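One structure below.
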Amino acid sequence: MDGFLGDYYLWVKALHVIAAIATMAGMLYLPRLFIYHCDAEAGSKQSETFKVMERRLLRAIINPAMTVAMILGLMLAADLDAWSEGWMQAKLALFLALGAVHGYFSRWRRDFAADENRHTAKFYRYMNEIPTVLMIGIVILVIVKPF
Ligand code: HEM
């Protein structure tokens, strides 16, 4: 590893993958909570419990893990000087799409918190698939490096 990370490259990559796993665990679980929350009456004990779970999942797990995954990923990319690599550019594009999905999840969480959810459980089932597809693309791009 002859970039600026030197012997720490693999440690940084390991921490990057750990943060990426935590990010995806949260991004795949949050829409599941939205699906169940749709069936809970506004103001009920169950709905209030879902609000706490959604807030903690987003703020205590997804937000910090995604930030760490991004910072360490950018360090790895800088070490490799991979910016002109096709796989890196495509991975960054999918990560930006994951960021956009994160933005919508944050907004829908706020709507639930204000008892103003406007979507159906079916809608959130479809939304649940998007982070899955993005994750599959991201992992194939970085491991296979097809272009
Ligand atoms: C700004 C966001 C990101 C950047 C800049 C980035 C960049 C990188 C770079 C440069 C590597 C090292 C590649 C190598 O050593 O061959 C890497 C490894 C990896 N990244 Fe990311 N990454 C980002 C986000 C993610 C996300 C969100 C995931 C998962 C969903 C992810 C999954 C992985 C995996 C599994 C590896 C290990 C690949 C291997 O060992 O061959 N990354 N990333």
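Things worth noting here:
- Most positive-pole-ward Cα, GLY6, VAL101, MET53, against dipole of the chain from beta carbon charges: MET53
- Chain lengthening between VAL52 and LEU28 when straightened (0.36 nm per residue, less Cα-Cα): 6.9 nm
- Placing unit charges on the Cβ atoms only, positive for Lys and Arg and negative for Asp and Glu, gives the stretch 15-69 a dipole magnitude near 160 debye about its Cα centre.
- Note on LYS45: lysines with a C-alpha under 24 Å away, same-chain residues under 8 apart excluded, are LYS122.
- Top of THR49, THR67, THR23 by mean-square fluctuation, Gaussian network on the chain, Cα under 10 Å: THR49
- Heavy-atom accessible area for VAL139, with the other protein chains in place and a 1.4 Å probe, reaches approximately 70 Å².
- Per-residue ellipticity at 222 nm, computed for the chain from helices alone with -39500 (n - 2.57) per DSSP H run of at least four residues, works out to -26500 deg cm²/dmol.
- Hull volume per residue, based on the alpha-carbon atoms of the chain and their convex hull, is 95 Å³.
- Carbon and sulfur %, accessible surface of the stretch 57-138 computed with the full protein complex present, 1.4 Å: 65 percent
- Counted charge near GLY99, where neighbours are those whose Cβ lies closer than 15 Å (Asp, Glu -1; Lys, Arg +1): +2
- Considering only ARG118, ARG107, ARG59, the Gaussian network model of the chain with Cα springs below 10 Å gives its largest mean-square fluctuation to ARG118.
- Net dipole in debye of the chain [+1 Lys, Arg Cβ; -1 Asp, Glu Cβ; about Cα centre; nearest 20]: 460 debye
The values are calculated or read from the model by the stated rules, or taken from the named source; none is laboratory data. As the structure is a computational prediction, the values presented were derived from the model and not from experiment. Note: ideal-geometry Cβ built from the backbone for every residue, glycine included; neighbour counts use all protein chains shown. The protein model used for the area step is the full one, side chains on, heavy atoms only, and it has no ligands, DNA or RNA in it. Shrake-Rupley method; radii C 1.70, N 1.55, O 1.52, S 1.80 Å.
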